[in-house]
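Visitor: Let me give you the structure first, and then I'll get to my questions.
The values are calculated or read from the model by the stated rules, or taken from the named source; none is laboratory data. Given the structure is predicted, the values throughout are model-derived calculations rather than measurements. Cβ atoms come from the backbone with ideal geometry, glycine included; neighbour counts cover every protein chain shown.
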């Protein structure tokens, strides 16, 4: 499976529907297509894993219990591959440990069949919003890592101290350099990383958990 790269991100709303129940796939798929979602339908988790995820934001709707690989196992496999797409689980049968594992791995919702259509649609909206946020954070982090490669060794030291919350005077004292030199290094760090404020630097270096 090919993970989504920043260049693949668009404004479409992608839903990956994975269920071994033909009627459930048809019912949910038709409804979501009518509502202008980009729906990608699979009859098994293994079929899904052989495909490519080429759109974002995205959300996965999957049955908890399926042959060969269940929903929680699929969720864990995607996490291992580095793509944490929000999951919505639907099931008529599941165990408490499965449900707990799914939620610990970041599932958006767990809907028991028969479920209300509006419940599903609300969960999809939450999942797409979360994935969009995650992808923006990924792009910002990737941009930061690339920018750090352009920093000279002393500039990297200044960056690390700024990220720890050091002010100009503290950096000057720590590195035994003049205040004017400190300001110059700081200016270069901000320029090379394309940052407009220290708050932006701190947010990138120390993202909220």
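Visitor: Mind listing whichever residues of the range 160-188 are within 27 Å of the chain's Cα centre (by Cα) and in a helix (DSSP H, G or I)?
Guide: Selection gives 160, 162, 163.
Yes or no, residue by residue, for (1) touching a strand residue (DSSP E or B) at 6+ places or on another chain (Cβ under 8 Å); (2) without any contact (Cβ under 8 Å) to a residue 12 or more places away in the chain; (3) not assigned by TED's automatic domain parsing to the domain that holds residue 83:
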residue: 113; (1), (2), (3): yes, no, no
residue: 129; (1), (2), (3): yes, no, no
residue: 135; (1), (2), (3): yes, no, no
residue: 160; (1), (2), (3): no, yes, yes
residue: 194; (1), (2), (3): no, no, yes
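Listed here are the residues, each with its yes/no results for (1) closer than 21 Å to residue 198 by Cβ; (2) over 12 Å from the mean Cα position of the chain (by Cα).
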residue: 121; (1), (2): no, yes
residue: 132; (1), (2): no, no
residue: 138; (1), (2): no, no
residue: 143; (1), (2): yes, yes
residue: 147; (1), (2): yes, yes
residue: 151; (1), (2): yes, yes
residue: 155; (1), (2): yes, yes
residue: 158; (1), (2): yes, yes
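Visitor: On to the next question. Residues 23, 51: which one is more than 22 Å from residue 129 (Cα to Cα), exposed (fewer than 13 other Cβ atoms within 10 Å of the Cβ) and within 19 Å of the chain's Cα centre (by Cα)?
Guide: On the way: 23 fails: within 19 Å of the chain's Cα centre (by Cα).
Every option except 51 fails the conditions.
Visitor: Taking the condition of being over 16 Å from the mean Cα position of the chain (by Cα) and either farther than 15 Å from residue 42 by Cα or at pLDDT below 85 (or both), how many residues in the range 70-101 meet it?
Guide: The total comes to 15.
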